[in-house]
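In what follows, a single structure is set out as structure tokens and then discussed.
Read-outs throughout are calculated quantities, based only on the coordinates presented, and are distinct from any laboratory measurement. These numbers were taken from a predicted model, which means no experiment stands behind them. Every residue, glycine as well, gets a Cβ built from its backbone with ideal geometry; the counts of neighbours run over all protein chains shown.
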Amino acid sequence: MTHPNRLLSRVQGWIIDMDGVLYRDTAVIPGAPEFIRQLQDDGTPFVLLTNNSTLTPKQYAEKIGRMGIQVASAQVLTSSLATADYLLETVGAGTPVYAIGEDGIMEALAESGFVLLGEEDYRQARCVVIGLDRTVTFAKLQAASLAIRGGATFIGTNPDRTLPTPIGLIPGNGALLAAVEAATDRAPFVIGKPQPPIFRWAIARLGLPAERVACLGDRLETDILGGAQVGLFTVFVLSGVSSAEELERFEPKPDAVFDGPAELLESWRHR
């Protein structure tokens with residue numbers, strides 16, 4: 001097997017997941033700040049690509065800044081931004097949308113010119129967009145389900161069933177999507193990882209050929225699968241959700257595996 005140091009020598013840019021790679025909730029993962037600083041010192045381009053739709057890019061940059069990771073908000077790409085871009089291309093600004101979610105998705109939709117509806121106006125919705133909402137209510141799920149049954153297009157920002165936190169895995173957006181799918185008999189069109197468009201969107205931001213870009217993540221079914229589908233060099237870390245046992249059963253295998261960002265940093269320095 002080729003040594004990971006040699007494999008990393010071909011990498012010219014990075015697409016980096018955040019939850020489970022840089023931090024868990026508000027706890028930084030050892031080695032993450034140093035890895036990002038090394039990329040900055042090297043002049044290696046990177047973007048942070050998260051499926052989590054709860055925060056805006058500015059809020060994410062501030063969050064990781066408090067952990068010692070300093071990046072520009074323009075380097076933070078979210079499933080919320082990708083969802084808004086997709087809707088601009090398919091239905092256009094001004095479309096009435098019923099959305100469930102937090103600041104990230106609400107701001108992205110509003111700034112793109114969509115009309116955000118309240119629960120009482122669900123009948124006007126042409127699209128229902130669901131992102132993670134940690135204050136979700138039955139009334140919100142009811143409005144979404146009725147709008148979808150009335151003909152609205154069902155969009156999910158991301159499929160993650162769980163969210164890693166210091167106390168363990170908690171329900172993610174995939175759990176909300178599953179509830180509404182069960183209530184409507186309609187599956188959502190999902191924007192985030194592992195869908196290829198969100199990766200191509202991130203690659204375009206880097207301006208590099210896919211074969212020179214590494215995708216770093218902790219979820220096999222989103223980061224690694226999605227990266228492999230578009231020809232990225234895939235790097236898996238065991239600091240987040242997916243386990244070593246799951247890796248043994250998973251296909252396609254990542255190109256390189258590390259315990260966490262600290263071990264990856266050492267390999268990157270000696271590539």
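Of the listed peptides 162-170, 127-135, what is their order by residue-averaged count of other C-beta atoms within 10 Å, with the highest listed first?
Result, highest mean first: 127-135, 162-170.
With the convex hull built on the Cα atoms of the range 1-100, state its orientation-averaged projected area in nm². It is 8.8 nm². Starting from the Cα gyration tensor of the range 112-176, take the square roots of the eigenvalues, sort them a ≥ b ≥ c, and report rounded, prolate or oblate (rounded when a/c is under 1.5, otherwise prolate if a/b is larger than b/c, else oblate). Note, shape of the range 112-176 comes out prolate.
Under Stokes-Einstein, with the Kirkwood radius over Cα pairs as Rh, the value for the range 133-271 at 20 °C and 1.002 mPa s is 128 µm²/s. Legend: calculated FRET efficiency, V91 to E62, from the Cβ-Cβ distance at R0 = 30 Å, rounded to 0.05, equals 0.45.
Rounded to the nearest 20 debye, the dipole size of the chain about its Cα centre is 360 debye, using +1 on the Cβ of Lys and Arg and -1 on the Cβ of Asp and Glu.
With the convex hull of the Cα atoms taken as the outline of the chain, the averaged projected area works out to 13.7 nm². As a length-normalised measure over Cα pairs under 8 Å and 6 or more apart, the relative contact order of the range 80-190 settles at 23 percent.
For the range 56-157, a crude dipole built from +1 on the beta carbon of Lys and Arg and -1 on the beta carbon of Asp and Glu, taken about the Cα centre, is about 200 debye to the nearest 20. With viscosity 1.002 mPa s and temperature 20 °C, the Kirkwood radius over alpha carbon pairs of the range 80-190 converts through Stokes-Einstein to a diffusion coefficient of 156 µm²/s.
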